[in-house]
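K.L.:
Quick one: this structure, given as structure tokens, is what I'll be asking you about.
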Amino acid sequence: MSGNDQISSPKTAAEWISARWPHRPRFGVVLGTGAGEVANAIQVEQEFAYQEIPTFPTSTAVGHAGKLICGELCGQKIIAMKGRFHLYEGYSVETTTIGIRVMHQLGVKKLFISNAAGGINPNFESGDIMIIDSHVDLMFRADQSKGIWQLGRTFANQTDSAYDQEMAHQAMACARKNDFAIFRGVYVSMLGPNYETRSEYRFLKKIGGDTVGMSTVPEVAIASQMGMRVLALSVVTNVAKPDALEATSGDEVVAFADVAAPKLRLIIENAIREDVRR
Amino acid sequence: MLDLFDKIQESVAFIRSKWTEQPKAGIILGTGLGPLVEKIDIDVAIEYSEIPHFLKSTATSHRGRLVCGRLNGLPIVAMEGRHHLYEGYSLKDITLPVRVFKALGADLLVVSNACGGMNPYYECGDIMLIEDHINLLGDNPLIGINDDRLGPRFPDMCEPYTRTLIDRALTVARKNDIVAHKGVFVAVAGPNLETRAEYRFLRTIGADVVGMSTVPEVIVAVHSGMRVVGFSVITDMCLADSLKPAVVEEIIAHANKAEPKLTALVMGVLDGER
């Protein structure tokens, strides 16, 4: 099914990065579509194309030239993934989460994850940000997670919450201070790569979903299981209206992701400052 | 998915060596619905095992050959027997024939299946025009690196089943006094039939009928830019509170009984393609 995978070891990659950037960053970021402004805010010290990093998959997908950015944000060491790996590209859960496992090896304790997502909750508007409070995993790939979760607890502790409550509250306070709307809700992860049918949107709404996307959950599962504290944010790029037929355009998705980019930057910078303060 | 392009060319080249017409439509016939083939003026019928990259068929009452010819004078290709996820095949291989249809020149996919009816207003032997679907297969035929020659990375799914074709089929049904519904098909992997609790779940999430096929082929047809019309033949009723064991022989008997109605609707839809 995949044919697009290779064995990935976080240790080899982490050692390779440490040899070129000898720091123990406390913060990690996975930048989804439209989060480029956060990457621009980082004072870059080292940059590695994914192809250079040993055991990282060599992504041949068009438009997915990902890179790892190492540097400082708000005076703190940070490592950022610009571009991520998706299950729909044919990667296994193991490969999809290689970046998270490398960040853990490098010492990352707090992880920010963003994604561009479809809005299911009709209260949302394009460009809004939703703090992921919980998720529904409809990716059907949990079986693949066996055997790669060797770094921490055997089972991911998602009974409490994989999503850090304190960081969520900090993000909400930041939104209030800066006068922009923010929501909390449930992210549903689907395999993709096609967008959802109208019936699927209705289904996801019925089971409690607020946003839907094709990423994040494998990354959060691994991060949570390794004991990292996670703040995950959905950028609502288009609100699905299953009762009024309308096609989703890729350009629209990118445009609304741009609207949200400055908000993402404020939230992440605020979280770092709050962390340093204590 | 980067290996598909060459495979499609090889399959097409083989079919072209036996049949040179350009089909208007590709047809996939589901469980017990094979007899539609009798209406086709067959130019050539090719066993799947002969065609490069086609899978063999292992499911009950699925014959396993590609029929090339004319239905009411309209050039078509028809798959007599299809493949399912529960047979252990990958969705990429299962859906290759749809891409071959497209490469042969067909821009319309006609797909049919035998399904379980969960909407209590349906009855065994009724036909439902698929208005929309829910994919609960836990898999997707488009996974892998996208080949932009075949279709877009993120196909939109706001209208996978062409509305004008649904309307055309329903008009034909009314004219011929055939009971036909319009509803939502949910695809599950199978091969076991659903538990009562699963039927309640599938009904709750908005599905009218349930089956183990069709959705992969439709996703690939949409990816390929084809129009789609889908027919579900209700071959057993799956009402959670009065569930009886399903008998495969009965399912096939119902499919066979409904088959002339399906044939009439398919012919009616294709008549409008002239």
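K.L.:
What is the one condition in (1) in contact with a strand residue (DSSP E or B) (Cβ under 6 Å, 6 or more places away or on another chain); (2) among the hydrophobic types (A, V, I, L, M, F, W, C); (3) in a helix (DSSP H, G or I) that residue B:229 does not satisfy?
P.N.:
Every listed condition holds for residue B:229 apart from (3).
K.L.:
Can I ask one more? Among the candidates B:210, B:228, single out the residue that is at pLDDT 95 or above and either over 11 Å from the mean Cα position of the chain (by Cα) or closer than 20 Å to residue B:125 by Cβ (or both). So that I can check it myself, show each step before the final result.
P.N.:
On the way: B:228 fails: either over 11 Å from the mean Cα position of the chain (by Cα) or closer than 20 Å to residue B:125 by Cβ (or both).
Of B:210, B:228, the one residue that is at pLDDT 95 or above and either over 11 Å from the mean Cα position of the chain (by Cα) or closer than 20 Å to residue B:125 by Cβ (or both) is B:210.
K.L.:
Restricting to the stretch B:203-226, give me the number of residues that are part of a loop (DSSP other than H, G, I, E, B), in contact with a helix residue (DSSP H, G or I) (Cβ under 7 Å, 6 or more places away or on another chain) and of a type in the set (Val, Ile, Thr).
P.N.:
In the first step, residues of the stretch B:203-226 are kept if they are part of a loop (DSSP other than H, G, I, E, B); the result is B:205-208, B:212-214, B:224-226.
Remaining after also requiring in contact with a helix residue (DSSP H, G or I) (Cβ under 7 Å, 6 or more places away or on another chain): B:205-206, B:212, B:224, B:226.
Applying the additional criterion that residues be of a type in the set (Val, Ile, Thr) yields B:205.
The total comes to 1.
K.L.:
Determine whether residue A:231 is part of a strand (DSSP E or B), of a type in the set (A, V, I, L, M) and either within 11 Å of chain B (Cβ to nearest Cβ) or over 27 Å from residue B:163 (Cβ atoms) (or both). Before you say what the answer is, go through the steps one by one.
P.N.:
Numbers: part of a strand (DSSP E or B): yes; of a type in the set (A, V, I, L, M): yes; either within 11 Å of chain B (Cβ to nearest Cβ) or over 27 Å from residue B:163 (Cβ atoms) (or both): yes.
Judged against the criteria, residue A:231 is a match.
K.L.:
Do the conditions hold for residue A:195, that is, is it closer than 18 Å to residue A:26 by Cα, touching a residue at least 24 places away in the same chain (Cβ under 8 Å) and either surrounded by 21 or more Cβ atoms within 10 Å (Cβ to Cβ) or more than 14 Å from every other protein chain (Cβ to nearest Cβ) (or both)? It would help to see each step written out before you state the result.
P.N.:
Values: closer than 18 Å to residue A:26 by Cα: no; touching a residue at least 24 places away in the same chain (Cβ under 8 Å): yes; either surrounded by 21 or more Cβ atoms within 10 Å (Cβ to Cβ) or more than 14 Å from every other protein chain (Cβ to nearest Cβ) (or both): yes.
Taking the combined requirement at face value, the residue does not satisfy it.
K.L.:
Specify which of the listed residues (B:174, B:163) is more than 15 Å from the chain's Cα centre (by Cα), surrounded by fewer than 17 Cβ atoms within 10 Å (Cβ to Cβ) and within 13 Å of chain A (Cβ to nearest Cβ).
P.N.:
On the way: B:174 fails: within 13 Å of chain A (Cβ to nearest Cβ).
Within the list B:174, B:163, the selection yields B:163.
K.L.:
So, one more: Scan B:172, B:110 and give me the residue that is in contact with a helix residue (DSSP H, G or I) (Cβ under 8 Å, 6 or more places away or on another chain), on the phi < 0 side of the Ramachandran plot and either part of a helix (DSSP H, G or I) or without any contact (Cβ under 8 Å) to a residue 24 or more places away in the chain (or both). Outline the logic, then answer.
P.N.:
On the way: B:110 fails: either part of a helix (DSSP H, G or I) or without any contact (Cβ under 8 Å) to a residue 24 or more places away in the chain (or both).
Just one listed residue meets the conditions, B:172.
K.L.:
Collect the residues in the stretch A:198-228 that are at the interface with chain B (Cβ under 9 Å from one of its Cβ atoms) and either without any contact (Cβ under 8 Å) to a residue 60 or more places away in the chain or out of contact with any strand residue (DSSP E or B) (no Cβ under 8 Å at 6 or more places or on another chain) (or both), keeping them in residue-number order.
P.N.:
Passing the criteria: A:198, A:199, A:200, A:202, A:203, A:206.
K.L.:
While we're looking at this one, here's another question. May I ask you to list the residues in the stretch B:132-143 that are buried (at least 22 other Cβ atoms within 10 Å of the Cβ) and either more than 7 Å from chain A (Cβ to nearest Cβ) or touching a Pro at 6+ places or on another chain (Cβ under 9 Å) (or both)? Write out each step before concluding.
P.N.:
Going through the stretch B:132-143, the residues buried (at least 22 other Cβ atoms within 10 Å of the Cβ) turn out to be B:132-135, B:137, B:140-143.
Once the filter is applied, which keeps residues that are buried (at least 22 other Cβ atoms within 10 Å of the Cβ) and either more than 7 Å from chain A (Cβ to nearest Cβ) or touching a Pro at 6+ places or on another chain (Cβ under 9 Å) (or both), the stretch B:132-143 yields B:132, B:133, B:135, B:137, B:140, B:141, B:142, B:143.
The values are calculated or read from the model by the stated rules, or taken from the named source; none is laboratory data. Note that this is a predicted model, so its numbers are computed, not measured. Note that we place each Cβ from the backbone using ideal geometry, even for glycine, and neighbour counts take in every protein chain shown.
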